[in-house]
Amino acid sequence: MAYTLLRAGGIAIGIAAALVVTGCASTPEPTIGAAASRPSAEMGQAIYSVARPTSYALRPADQISISVFREAELSLEAVRIGVEGNVSVPMVGSIPVAGMTTKQLEGDITRRLAAAGLKNPVVSVNIAEYASHLVTVEGAVDKPGVYAFQPGARLSTAIALASGPTRTAKAQQMAVFRETQEGIMVAKFDYGQIRQGTMLDPILEPGDRVVMGTDGLSQFWEDLLMALPAFGIFAAAGLN
């Protein structure tokens, strides 16, 4: 019994040491200078960009506030844009807003209120919540899930929101699924190269799905290590 437990313990220590060595790989040395900004067509990155948008177009699920100066009954502290892209505004009814900037919407509501009889309306529109901006992060990350992000956030942000890759991650095999007019497109990225600056770190789009690859062999050894103590106890019980 003692030999069985000792042998199992020795294997566990050996495997643990191997896993520690694997998990403590150094961070890639960053490349000094301008980071990569050109997509790799052969990796399916042609539709990805590092340029942040200069304006924001409202989307379904976003929450906005509408303030009409000195007209509290016409103001809305928070209103959600519906799935069809409309919101209901006092005095003017349901209007389409998806695709507009806040400035464009201010002008549109101002014109509608004036046409409805309000004298010299002064309208202010602000974004209360970018609820349309969700990214799904799966695979070999510490905390897979669906995360909200701010417009202009990058692919590396999605991995950070999921608390980073696991020690068994195959970081050079990171896939991003994006819905386009032609269907769902898949691109491949190398997280290590992104951190180093030698591969573009693209801007996320609402609805992106990120999958971090897993080193199956490392996962096998990790699972075996977790099972060994239970195996030792089971073997000891059987010998008594």
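The numbers here are math on the coordinates, done by the rules we state, and not lab data. From a predicted model like this one, the values you see are computed outputs, not experimental measurements. Every residue, glycine as well, gets a Cβ built from its backbone with ideal geometry; the counts of neighbours run over all protein chains shown.
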For region 79-202, Rg(Cα) over 2.2 N^0.38 Å is 1.49
Note on region 63-129: alpha-carbon gyration tensor, axes a ≥ b ≥ c; rule is a/c under 1.5 for rounded, else prolate if a/b larger than b/c, else oblate; result prolate
Do any GluC sites (Glu not before Pro) in region 56-98 lie in a DSSP loop with no more than 11 other beta carbon atoms within 10 Å, and if so, which?
GLU84
Under 14 Å, Cβ to Cβ, from PHE149 - net charge with Lys/Arg +1 and Asp/Glu -1:
-1
When ILE95, ILE81 are arranged by how many other beta-carbons sit within 10 Å of their Cβ, fewest first, they go ILE95, ILE81
Sorted by packing (mean other beta-carbon atoms within 10 Å per residue), highest first, where do 87-93, 104-110 land?
104-110, 87-93
In terms of modelled amide H atoms, which long-range or inter-chain residues lie less than 5 Å from the amide H of MET199?
ALA36, ILE194
Listing GLU182, GLU205 by rising number of other beta-carbon atoms within 10 angstrom, fewest first, gives GLU182, GLU205
Can you list the residues of region 177-192 with backbone N under 16 Å from a point 7 Å past the Cα of LYS143, pointing along Cα to Cβ?
none
How many nm is it between the label spots at MET91 and ARG111, if each spot is 7 Å from the Cα in line with the beta carbon?
1.7
Here, chymotrypsin sites (Phe, Trp or Tyr not before Pro) of region 145-207 satisfying both criteria (DSSP loop; at most 16 other Cβ within 10 Å) are none
Would you order MET43, MET174 from fewest to most other beta-carbon atoms within 10 Å of each residue's own beta-carbon?
MET43, MET174
